[in-house]
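See structure below.
The values are calculated or read from the model by the stated rules, or taken from the named source; none is laboratory data. Just so it is clear, the model here is predicted, and its values are computed rather than measured. Side chains are part of the model used for accessible areas, which takes the heavy atoms of the whole protein and leaves out ligands, DNA and RNA. Shrake-Rupley method; radii C 1.70, N 1.55, O 1.52, S 1.80 Å.
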Amino acid sequence: QLLNYNQYRALAEGFTAHKWDWYTGYIIWKTQNPWTALRGQMYDYYLDPNAGLYGLHSGNEPIHVMCNPVDGMVMVVNHRFSAQRDLMLRVEAFDMQGKRSLITQVFVYIKAQSAKKILSVQRAIEKIGKEHGCFIRLQLLKSEDDVVSENLYWLPNESGEFTGLRSYQQPDTQVMCRRQDNGMVEISIENSEGGNIAFFNRISLVSTKTKKRVLPVFFSDNYISIAPGEKKVVTLDPVTQFGSDHMISLRPWNAPVQYFSIK
């Protein structure tokens, strides 16, 4: 599912950038299969949202930053009816040990309802990810604390293999789950400084007794990755009532599942 998500995300983003002049609307084909499948669906037979749904959310946000993994071209897409000025584009690379390298940081401008090529980071990708692959994180910021758009790519080595992810060591994270007054649950995941990216964390609501998923449940985001020293907050909206016999599970890439009580 890892590669399917990456490919589906790239497909959604590529459609946004390259077909804008042809189409001004979207049709989502095969949003839900009548049987279990690994690709081409937003949610499965059991009403569990798949990773492709969150890739689609990201690829169709009003202002979006993205990278073409084929040629390393970084682009910005603006769906809004107004031009966007004074946006700071930051491109960072992380190797499989968590070492961070700033590739570029520049101001960008983009016209309304357009897609714009900014620069290629192919040389940096080839250098940093030559042996084991690497992560590339793109951010568009209006200020240091106001992230307009963020995107993360996991890229293979020079042979096209994800050797670094096969033995990837997940960092320790701090997870807090709090029940809100409106019935929703807030899940805060904080990654420690100086380690790896907390990569591809899948969040689920499960039964305390059986550890099986409780469905349907809606998340503000899922399958999330968190850079060292940063934190992300996800909200969970259960359709059915739940209580003390439910908990949150967190399944990182290449690591055992963890369970957390809801306070």
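Summary table
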| read-out | value |
| --- | --- |
| Which of D48, D172, D181 is most accessible, then next, and so on - probe 1.4 Å | D181, D172, D48 |
| Anchor K117: lysines whose Cα lies under 18 Å away (excluding residues fewer than 8 positions away in-chain) | K19 |
| Area accessible to solvent at F200, 1.4 Å probe radius, in Å² | 20 |
| Restraint check, K211/K231; K142/K211; K130/K212; K142/K263; K232/K263, Cα-Cα greater than 30 Å | K142/K211; K130/K212; K142/K263 |
| Candidate residues R90, R202: accessible-area rank, largest first, probe 1.4 Å | R202, R90 |
| Distribution of pairwise C-alpha distances over segment 142-263, 10 Å bins, in % | 12, 40, 31, 14, 2, 0 |
| Computed over segment 112-181, the ratio Rg/Rh where both radii use C-alpha atoms and Rh is Kirkwood | 1.11 |
| Net lengthening on full extension, S192/R123 (0.36 nm per residue, minus Cα-Cα) | 21.9 nm |
| Carbon + sulfur, % of accessible area of segment 69-127 - ligands and nucleic acids excluded, 1.4 Å | 51 |
